[in-house]
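The values are calculated or read from the model by the stated rules, or taken from the named source; none is laboratory data. Computed from a predicted structure; not experimentally measured. In this analysis, Cβ positions are derived from the backbone assuming ideal geometry, glycine residues included, and neighbour counts consider all displayed protein chains. Only protein heavy atoms, including side chains, enter the accessible area calculation; ligands, DNA and RNA are left aside. Shrake-Rupley method; radii C 1.70, N 1.55, O 1.52, S 1.80 Å.
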Amino acid sequence: MDFDRLFTAQLDALRDEGNYRIFAELERKCGAFPRAGHHVDGAVRDVTVWCSNDYLGMGHHPAVIDAMMNTTRECGTGAGGTRNISGTNFHHLVLERELADLHGKESALLFTSGYVSNWAALSTLGARLPGAVILSDSLNHASMIEGIRHAKCDKVIWNHNDVEDLDRKLAAIGPDRPKIVAFESVYSMDGDIAPIKEICDVADKHGAMTYLDEVHAVGMYGPRGGGVAEREGLMDRVTLIEGTLGKAFGCFGGYITGSHALCDFIRSFASGFIFTTALPPAVAAAATASIQHLKQSRVERDAQKDRVATVRAALDARGIPHMPNPSHIIPVMIGDPVKCRMISDMLMEDWGIYVQPINYPTVPKGTERLRFTPSPLHSQADIDHLVNALDNLWSQCALSRMVA
């Protein structure tokens, strides 16, 4: 059988739909964020990155870089194996204590990515708790969906951020069955924020545990960067808070936080923890430095909020359509996959602006968009250049504008 022919046929169909993904060859420049080198046709030119999840530029912070370099010299490059055999390092334990403190929990557990922490934790909870039912928000991330699928327990999908629908669906489940309500705080594509208090109220009413994914919120919200739940004084209401080290903290890895018993349960039964190599100690040390800095510094968060407001106001002034939301994510709506890719390419080639098109299956068909994430390190000149470019392309491509 010609397997390559089968592969190519499906790839060609993806191209015909306008949903084939092309990765730009970028080289981050230490200390120069949001600038990066774009490698193309044997040459390198500077571009400005507008879609990084390193939301606060902490991947370039001197204290974070020093922590990683110093720990690499002290401990070497790798962890030496899985945590349960040879890979648990003092730096892992320090980071887990820092994360537990960040979220006001008894304990924390590290994973190799936020995807893995969601997949491992949800699949373990659903599989190991007899009779468990996981109630999942309809817009939950693919990592959560995959974890629930792997759990092979009963699942119920509730309408996005619809507390009344969640209440009805919880009420339909037997009172003696373990119930897990899984949702996110900041949803990464639309940028909307969950009604955490109301969800916790309904979960408590039905004796359900709450599982909150704060990956797009940690570092960004709350007085110490603990996320939306910290900002709203609700961390103690949530059973398990999951997060990432790879976005606002500028490093790599994922984690869960909760009670000692909960974290020990996941540590003891989750295959995604037991059988994978641990984070390098240097990565753990860098993440610890980033978290410690953001616990006591509001400078980065305040500057980032200012940049977001400035970009939104400038887009409004030019009639560039963007989805309103209360978060740091600015989706500029295109609504067509081919045009979305075309505008992304033109921004890169003609204006030196890098922003990836967001197409199906990441977002529903017909809602294709460019997803901008202004950082504290984008200057006013960067913002002016971006908005001028979008204004020019909206006219050039005859795209519809917002009416003031």
(request) Filter segment 1-41 down to the residues that are outside any loop (DSSP other than H, G, I, E, B) and of a type in the set (A, V, I, L, M), then identify the one that is farthest from Pro337 (Cα to Cα). (result) Ala36
(request) Could you tell me which of the residues Ser395, Ser379 is without any contact (Cβ under 8 Å) to a residue 40 or more places away in the chain, over 28 Å from Gly219 (Cβ atoms) and small (Gly, Ala, Ser)? (result) Ser395
(request) Identify all residues within segment 84-118 that are closer than 16 Å to Tyr211 by Cα and open to solvent by 30 Å² or more (accessible area, probe 1.4 Å); write none if there are none. (result) Gly104, Lys105, Glu106, Tyr115, Val116
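Would you point out which residue out of Glu232, Glu242 is within 30 Å of His293 (Cβ to Cβ) and touching a residue at least 60 places away in the same chain (Cβ under 8 Å)?
Being within 30 Å of His293 (Cβ to Cβ) and touching a residue at least 60 places away in the same chain (Cβ under 8 Å) holds for just one of Glu232, Glu242, which is Glu242.
With Asp192, Asp201 as the choices, which residue is open to solvent by 10 Å² or more (accessible area, probe 1.4 Å), over 23 Å from Tyr115 (Cβ atoms) and modelled with pLDDT of 95 or more?
Values: Asp192 fails: over 23 Å from Tyr115 (Cβ atoms).
Result: Asp201 is the single residue among Asp192, Asp201 that is open to solvent by 10 Å² or more (accessible area, probe 1.4 Å), over 23 Å from Tyr115 (Cβ atoms) and modelled with pLDDT of 95 or more.
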(message) I'm checking my understanding of the structure. Among residues of segment 23-43 that are within 29 Å of Pro361 (Cβ to Cβ) and touching a residue at least 40 places away in the same chain (Cβ under 8 Å), which one is surrounded by the most Cβ atoms within 10 Å (Cβ to Cβ)?
(response) Pro34
(message) I'd like to verify a number: residues in segment 272-298 that are of a type in the set (A, V, I, L, M), crowded, with 22+ Cβ neighbours inside 10 Å and out of contact with any Gly (no Cβ under 6 Å at 6 or more places or on another chain), how many?
(response) 8
(request) Among what's in segment 373-390 and is in contact with a Leu (Cβ under 8 Å, 6 or more places away or on another chain) and hydrophobic (A, V, I, L, M, F, W, C), pick the residue that is surrounded by the most Cβ atoms within 10 Å (Cβ to Cβ). (result) Leu390
(message) It is to be established whether one or more residues within segment 25-45 are more than 22 Å from the chain's Cα centre (by Cα), more than 27 Å from Leu294 (Cα to Cα) and of a type in the set (Asp, Glu).
(response) yes
(request) Among what's in segment 376-400 and is touching a helix residue (DSSP H, G or I) at 6+ places or on another chain (Cβ under 6 Å) and not in a helix (DSSP H, G or I), pick the residue that is farthest from Pro34 (Cα to Cα). (result) Pro376
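Results for (1) modelled with pLDDT under 95; (2) surrounded by fewer than 16 Cβ atoms within 10 Å (Cβ to Cβ); (3) not in a helix (DSSP H, G or I), shown as yes or no for each residue.
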{"residue": "Glu300", "(1), (2), (3)": "no, no, no"}
{"residue": "Ala303", "(1), (2), (3)": "no, no, no"}
{"residue": "Ala309", "(1), (2), (3)": "no, yes, no"}
{"residue": "Arg312", "(1), (2), (3)": "no, no, no"}
{"residue": "Leu315", "(1), (2), (3)": "no, no, no"}
{"residue": "Asn325", "(1), (2), (3)": "no, no, yes"}
{"residue": "His328", "(1), (2), (3)": "no, no, yes"}
{"residue": "Pro331", "(1), (2), (3)": "no, no, yes"}
(message) Can you go through Leu393, Leu370 and tell me which one is touching a strand residue (DSSP E or B) at 6+ places or on another chain (Cβ under 6 Å) and either of a type in the set (Val, Ile, Thr) or open to solvent by less than 10 Å² (accessible area, probe 1.4 Å) (or both)?
(response) Leu370
(message) Cβ contacts < 7 Å: first residue under 20 Å from Ala142 (Cβ atoms), restricted to segment 198-216; second residue open to solvent by 30 Å² or more (accessible area, probe 1.4 Å) and not in a strand (DSSP E or B), any location; separation 6+ or different chain. Result?
(response) Tyr211/Thr239; Asp213/His141; Val215/Lys247; His216/Lys247
